[in-house]
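Read through the structure below, which is laid out as structure tokens, and then see the notes.
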Amino acid sequence: MNESTPTQLQPEMPPTRWGDPAHAAPLPEGVRDLVGLVFSLGDTPAREDVQVPASHLAPELVDLLRAAIGDDHVVLDDATRRLRTRGKSTPDLLRQRSGDLADAPDVVVRPGSHDDVQAILDIAQEHRIAVVPFGGGTAVTGGLVAQRDGFAGIVSLDLGRMRSLLALDPVSSTATLGPGLRGPEAEALLAEHGLMLGHFPQSFEFATIGGFAATRSSGQSSAGYGRFDAMVVGLRAATPKGEVRLGGTSPSNASGPDLRELFLGSEGAFGVITEVTVRVRPLPEVKEYEGWQWPSFEAGAAAMRALAQGDLLPTVLRLSDENETAINLARPDAIGGEGAGGCLMITGYEGTPSATAAKKAAVTEALAALGGTPLGTEPGEAWAAGRFDAPYLRDALLDVGVLVETLETVTFWSNRDRLYGAVKAALEGALGEGTMVLCHISHVYATGCSLYFTIAAAGGDQPLERWLEAKRAANDAIVASGASITHHHAVGTDHKGWLTPEIGDVGVDILRAVKRELDPAGILNPGVLIP
Ligand SMILES: Cc1cc2nc3c(=O)[nH]c(=O)nc-3n(C[C@H](O)[C@H](O)[C@H](O)COP(=O)(O)OP(=O)(O)OC[C@H]3O[C@@H](n4cnc5c(N)ncnc54)[C@H](O)[C@@H]3O)c2cc1C
């Protein structure tokens, strides 16, 4: 098979907002009125008169980068540097909106191959230049905010040119993908061969294959297709120490500890992932999504546990708590409408007609026996149609001064209720009366589940400071509850202060030792991941 590359370039996200500008829309009038009943609304447009700090990188170092990968691929203009500043968390957007570009990189480099990446790392190591790998820029935990002190400058290493389907082994069901392919591009290239990956996080439209691997991302169809790290068969990375190829010889093995795991979730701190080999599967012939109503979050969660422990998982399985069910955030057109009440569960079935029919029949029987009420396909189809829309709604709410943000965590089933109560109380306590805290179970395992919280609160004069305080309180509550600081958003800079209780001092020493070995000058994403 020859390499294939998408022919169309996807749009850039605006620096102050999420997504495709063509899809952005203000709050629908009716929703604005309703939201205004709860929060006092203002008009908080992003500042346009912003200044990008001057590039600090010495001209001779810029020339070295140009000589290594070509003049056209080393970019210093303000607009490009602004687009590569931070990620897309609400704090990132609020900082961009207020004109704070202190974390702008000095230069953006666009390598076209593994060898280009290696050449950039060699220069960066020799001249102590910090390197921040940049995939889709959808990070929400500060993974794109490198520490500047002690470095000659910061290079944003934009992987956007490395966007090919490099190899396909249909017999073994594996595909090797370039790290810069965005979700839809990777799926479109695979679809030409009747295949799919099946990784659909809410950031699917803009996040990349390398980013999914570097953050151990998990998608909305994880019940059926698994998390991204579980799809990775092998990878190639460039490190300051040299090239690493891992996992390319077998589906699994007993050749010592699995070193792939060192790069999955390494957030650019150990190396730059330049190729990812993934397990692929046939495109589904059938897709069906349904809704189920549960009298309580507790009852719905118990049903999810029964499915997971009975090896009876559909492709999509998620459960909103009472608040999230009532608000129906994913459907701006339905906010404030007459909901079904209780807690809404979405189930989805994808595959061949016979396999989906059999799975659906078995799941339906189990859920009915556990006390669920079937709501038919309408809620499921509505969820599927709007599954990537919520981030656009966040922008519309930020525009009118409402603070909106999400966070996630994961624990064992026996600890779910305690964790849920503790995080909710922490967020409500920090953000005060009138705050809406919504939650859904987003991913399930036989042993536990992840909880995904969304908050909406009055932004006030200092929305950023208000959120940072609430986030600290939530992180403390997560750690005190004995849960994990992150299920799929990764550590970045925002969570690293809470990582040590989870992995212990020796765990931190192991991370530091790996970093020292692979990146002795510490140029790779300094300040990210490692406490
Ligand atoms: C609205 C929204 C919804 C989201 N929904 C989900 C969701 O449903 N599930 C989920 O898992 N996450 C979700 N996220 C988080 C985010 O999309 C993921 O973390 C994603 O995996 C990051 O991919 P990216 O290509 O955008 O990487 P970036 O944001 O560009 O980078 C993320 C981190 O990985 C590093 N990195 C990127 N590429 C490479 C590479 N090739 N080699 C080494 N390091 C690299 C970066 O330096 C950075 O530290 C969401 C984010 C937003 C804003």
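List of remarks:
- Within-12-Å neighbourhood charge of G432 [Cβ basis; K, R +1; D, E -1]: -2
- Mean separation of Cα contacts under 8 Å, 6 or more apart, over the residue count of segment 160-280: relative contact order %: 29
- A simple spin-label model places the labels of D33 and A513 6.5 nm from each other, with each point 7 Å out along Cα-to-Cβ.
- For the chain, the relative contact order is 17 percent, taking Cα pairs closer than 8 Å that sit 6 or more residues apart in sequence and dividing their mean separation by the residue count.
- For K88, solvent-accessible area (1.4 Å; no DNA, RNA or ligand), Å²: 20
- Geometric extent, Cα atoms of segment 268-323 - Rg, Dmax (angstrom): 17.6, 48
- Cut-off 15 Å between beta-carbons: net charge of the residues surrounding A422, Lys and Arg +1, Asp and Glu -1: 0
- Other residues lying with their Cβ under 14 Å from the Cβ of A299 contribute a combined charge of -2, Lys and Arg counting +1, Asp and Glu -1.
- Potential lengthening between D115 and A355 on full extension [0.36 nm per residue; Cα-Cα distance subtracted]: 82.0 nm
- Mean separation of Cα contacts under 8 Å (6+ apart) over length of segment 477-531, as relative contact order %: 40
- Cα shape, segment 411-531, gyration tensor, a/c 1.5 rule: oblate
- Base-10 log of normalised Debye intensity for segment 68-134 (one unit scatterer per alpha-carbon) at q = 0.17 Å⁻¹: -0.67
- The lysines whose alpha-carbon is closer than 27 Å to the alpha-carbon of K287, local same-chain residues fewer than 8 away aside, are K359, K360.
- Cα gyration tensor shape for segment 62-203, rounded if a/c is under 1.5, else prolate or oblate: oblate
- Tail weight of P(r) past 14 Å, computed on alpha-carbon pairs of segment 452-491, percent: 57
- Averaging over all projection directions, the Cα-based convex hull of the chain occupies 23.6 nm² in the image plane.
- The long axis of helix 416-431 is offset from the longest Cα principal axis of the chain by roughly 70 degrees.
- The chain - mean residue ellipticity at 222 nm from DSSP helices (-39,500 (n - 2.57) per run, n ≥ 4, rounded to 500): -10500 deg cm²/dmol
- Cα shape, segment 352-451, gyration tensor, a/c 1.5 rule: oblate
- Nearest-10 value in Å² for the accessible area of D115, using the 1.4 Å probe: 110
The values are calculated or read from the model by the stated rules, or taken from the named source; none is laboratory data. Note that the coordinates shown come from a computational prediction; the quantities given were computed from them, not determined experimentally. Positions of Cβ are generated from backbone atoms using ideal geometry, with glycine treated the same way; all protein chains shown enter the neighbour counts. Keep in mind that these areas ignore ligands, DNA and RNA; they rest on the heavy atoms of the full protein, side chains included. Shrake-Rupley method; radii C 1.70, N 1.55, O 1.52, S 1.80 Å.
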